[in-house]
Amino acid sequence: MSAPTHAEHHGAANSPLDADKLEVAPGRARETVEGWVPDLATEEDLRLALEKAFDYRGDVTIARKDGTQIDGYIFDRITGASLASSFIRVIPKDSTQRVKISYADIAALAFSGRDPAAGKSWEAWVRKYWEKKASGQGDFTLQPDSLD
């Protein structure tokens, strides 16, 4: 006995497949974290918040346990087995220097900066592209910041 085919499973052994009906995988909803101050009660809370901060395109504010604070963009992270062996790397917004911070040194985190790509979508990019092309403008490369 063999496993049923896709068409047999859907009760249409000899009918053509409809691509629109097959493409029903739900997309991932974009989570808005701008302005969020996560509760870092557990190690897991901290790890999840830092993963979201790494994916965030705006600046974050990091309060360290020593009382210092850094506002900047998280551009890299290294996840280890423990908080002490896990690190984020930040470019402070008032400097070009890169700062490495251990997860174990983080007391609080806030998504403080504006997400420059929030609300932008592929559809908006395509619409702008065709509008620009139709107007006869020569450069057809649109940058994400041109979607406002």
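Taken together, the values in this text are just the output of simple stated rules run on the coordinates, not laboratory data. These figures come from a predicted structure and were not determined experimentally. Positions of Cβ are generated from backbone atoms using ideal geometry, with glycine treated the same way; all protein chains shown enter the neighbour counts.
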Revision key, fill the gap. Expressed in nanometres to one decimal, the distance between label points 7 Å along Cα→Cβ at ALA108 and TRP36 is 1.8 nm
Practice item. Compare the peptides 78-84, 68-74 by average per-residue count of other Cβ atoms within 10 angstrom and give them in order, highest first. Key: 68-74, 78-84
Exercise for review: Run the quick spin-label model on SER82 and GLU51: label points 7 Å from Cα toward the beta carbon, then report their separation in nm to one decimal.
Suggested key: 2.2 nm
Exercise for review: Treat each spin label as a single point 7 Å out from the Cα along the C-beta direction, and report the LYS128 to ASP71 distance in nm.
Suggested key: 2.5 nm
Revision key, fill the gap. For the range 88-95, Karplus-derived ³J(HN,Hα) couplings (6.51, -1.76, 1.60; θ = phi - 60°; whole Hz; x for glycine and proline) come out as 10, 10, 10, 9, x, 5, 9, 7
